[in-house]
Amino acid sequence: MIYFVTGASGFIGKRLVKKLLQRKGAKVYFLIRAESAGKVAALRTYWGVSAARAIPVPGDLRCKQLGVSAEDAKKLKGQISHFYHLAAVYDLDADEASQVVVNIDGTRNAVGFAQAIKAGHFHHVSSIAAAGLYEGVFREDMFDEAENYDHPYFRTKHESEKIVRQECKIPWTVFRPAMVVGDSRTGEMDKIDGPYYFFKLIQRIRQMLPPWMPMVGLEGGRINIVPVDFVVDALNFISHQAQPGGQCYHLVDPVGYRVGDVLDILSKAAHGPRMNLFVNAALFSFIPKAIRKGLMAMSPVRRMHHAIMSDLGLPEELLTFVNYPTRFDCRETLAALKGSSITCPNLRDYAWRLWDYWERHLDPDLHIDRSLRGAVGGKVVLITGGSSGIGLATAHKFAEAGATTIICGRHQDKLDEACKEAQARGYRFIAYSADIADMADCDRFLKALMGEHGGVDFLINNAGRSIRRAVEASYDRFHDYERTMQLNYFGCLRVTTGLLPGMTARRKGHVVNISSIGVLTNAPRFSAYVASKAALDAWTRCASSEFADVGVSFTTINMPLVRTPMIAPTQLYNNVPTLSPEEAADMVAQACIFKPVRIATRLGIAGEMLHALVPRIAQIAMNTSFRMFPESAASKGDKDTQAKLSPEAQALREMMRGIHF
């Protein structure tokens, strides 16, 4: 038997051709565009046949007679028993013009060519979208009853099927598959479409919440999902049954699932939280359209809506299916498949295969380089306070990743030592001696930096000063607050505002501010330090809102206690559990790779929540720790010695790793 197939390289098409070629003596001619000629060898390998059984026919669906040459058409005339038309645009978010050209004009051209070569039977693979948004049960013998098909995808599917029904003069059959997903046996799929758009949302929920936490989901309308292997098997079997033509078959799941059920099934497959309570999405229809349109007309609401949909990879058109009103009768299909052992499998039985394949092969994040080299390689990075501690460890990490790494600090000898160490490791730093707390020196440094490098891609505001001294010991030391604020707040701002114009002009840039866990826990004895970092945090929140739409982003790291020269004067910290500078540098790297709004430890977040929910209890807890840990001798101007801690204090410092006491 000899076949002709359009869309043979597509997801359904190549699997159908493989089935056809398994028939004894079968030969398949398939339409191929000139730019896709390179796919032929791979297709034959997939089908497992020689060139004699799978013959490409150069042409173009968009041209009359499919653009097939007169010579090729003459060879095919009277030879084709079955003509399968599968080529179409199936994407909901495709532009209208391309859908019209391919789905409508392409079908007309396919019908004309099939008639010209006198094909025995024309099989048109349509879609349940041809029914539009019909309210109720849509039968296989219904067509003109379709309604609400204004959307380009629905309209072009309806119009293409109408062409077959009205213009095709040879026997024809229409197949309307439901939403086609991956193979129920392997999960294999070639693109993100239909239910797959929800996968990223489920993945995000799984990352944020434990699997045992109950979720509230949308009940929504019923959507119909079928695996590609069922569609191909049913199409192959039914099309070879003796039939006069003019039939239509719904290749759908006889059960069908509500949107909420589908999300719950996929959540289970993803080992994410289950949806135990459902809210009927139809309730939203009670909100008058005028109010909904009015809300979406407001720029902040519209931008927030688009940002959320874009971040989750959800096309606007997907919302159409939340209250999908149509159910599909498939009694003709079931009757045609009777005795064939071909049935649509239950989604619950193969959803895990779909999820596994998506997460391994289709997840968009797989194609993003999440390494530090991918984020900063070849980019210019400035690290203030880069001659020691967190800054130096970060500089080594970034230079090793291929960044043009600039460090600055007050002491030239330390900068020189850092540069020698970098050179010994096989890379280099660019060092500038600058006192960020001195506004004039800061301006000089920025001028030199801009003149030499033209700006930076990443700014790490790491330079800082910490003072551990109780308020009652600071009555006559107001300069502690001034000098801490001068560096930690004003110095950081001076550098940041000096570099922001360049970032804004290029519409890209990222600023990482090294803050403190003390801002979240309100650590006693650190009022000067915490206040300066809190000021920087507040400024960052304001600035990030202003620059969100120009490609400049900010990350605040509420850094826990790190063993650096800054804490060395306090002997109390010698035996306190702390992070190493390298661990802190890893946090900075994550900030530059993923660009989150904030990075904080669980302990810091717990402290923030405690102060927000039960401030009095938090205050008592912090006061207890304040009285439990002694004032350091260094804070009094004396030579510091290791203080002897009570057993309670030792237990507390072990439990609260990273908090300043």
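Exactly one residue among 43, 16, 21 is in contact (Cβ under 8 Å) with a residue 40 or more places away in the chain and touching a strand residue (DSSP E or B) at 6+ places or on another chain (Cβ under 8 Å), and that residue is 16. The single condition among (1) assigned to a helix (DSSP H, G or I); (2) small (Gly, Ala, Ser); (3) buried (at least 18 other Cβ atoms within 10 Å of the Cβ) that residue 88 does not meet is (1). No other residue among 246, 272 is surrounded by fewer than 20 Cβ atoms within 10 Å (Cβ to Cβ), touching a residue at least 60 places away in the same chain (Cβ under 8 Å) and small (Gly, Ala, Ser) apart from 246. Criterion applied to 519, 511, 495, 550 was being more than 23 Å from residue 440 (Cα to Cα) and either surrounded by 20 or more Cβ atoms within 10 Å (Cβ to Cβ) or among the charged types (D, E, K, R) (or both), and the one residue passing it is 519.
Candidates are the residues of segment 107-129 that are in contact with a helix residue (DSSP H, G or I) (Cβ under 8 Å, 6 or more places away or on another chain) and assigned to a loop (DSSP other than H, G, I, E, B); the one that is nearest to residue 172 (Cα to Cα) is 126. Number of residues in segment 16-46 that are surrounded by fewer than 21 Cβ atoms within 10 Å (Cβ to Cβ), within 21 Å of residue 234 (Cα to Cα) and under 36 Å from the mean Cα position of the chain (by Cα): the value is 3. Under the condition of being crowded, with 18+ Cβ neighbours inside 10 Å, part of a loop (DSSP other than H, G, I, E, B) and not polar (S, T, N, Q), the residues counted in segment 144-187 number 7. Only one entry in 42, 52, 8 is assigned to a helix (DSSP H, G or I), aliphatic (A, V, I, L, M), in the same structural domain as residue 112 (by TED's automatic domain parsing) and on the phi < 0 side of the Ramachandran plot, namely 42. Being in contact with an Asp or Glu (Cβ under 7 Å, 6 or more places away or on another chain), at pLDDT 95 or above and within 20 Å of residue 140 (Cα to Cα) is a property that residue 231 lacks. Against the condition in the same structural domain as residue 167 (by TED's automatic domain parsing), touching a strand residue (DSSP E or B) at 6+ places or on another chain (Cβ under 8 Å), crowded, with 22+ Cβ neighbours inside 10 Å and under 22 Å from residue 158 (Cβ atoms), how does residue 110 come out, does it pass? Yes. For the structure I just gave you, tell me whether residue 430 is within 24 Å of residue 534 (Cβ to Cβ) and of a type in the set (A, V, I, L, M). When the stated conditions are applied, residue 430 does not pass them. When the helices (runs of 4 or more DSSP H) confined to segment 380-478 are screened for residues that are without any contact (Cβ under 8 Å) to a residue 40 or more places away in the chain, in the same structural domain as residue 593 (by TED's automatic domain parsing) and under 23 Å from residue 502 (Cβ atoms), those reaching at least 2 such residues are found at 389-400, 439-453.
Checked against the criteria, residue 65 counts as surrounded by 15 or more Cβ atoms within 10 Å (Cβ to Cβ), at pLDDT 90 or above and touching a Phe, Trp or Tyr at 6+ places or on another chain (Cβ under 7 Å).
Is at least one residue of segment 129-141 in the same structural domain as residue 24 (by TED's automatic domain parsing) and under 21 Å from residue 21 (Cβ atoms)? No - not one qualifying residue is present in segment 129-141.
The values are calculated or read from the model by the stated rules, or taken from the named source; none is laboratory data. A quick note: this is a predicted structure, and the numbers were derived from the prediction, not measured. For neighbour counting, all protein chains shown are included, and Cβ atoms are generated from backbone atoms with ideal geometry for every residue, glycine included.
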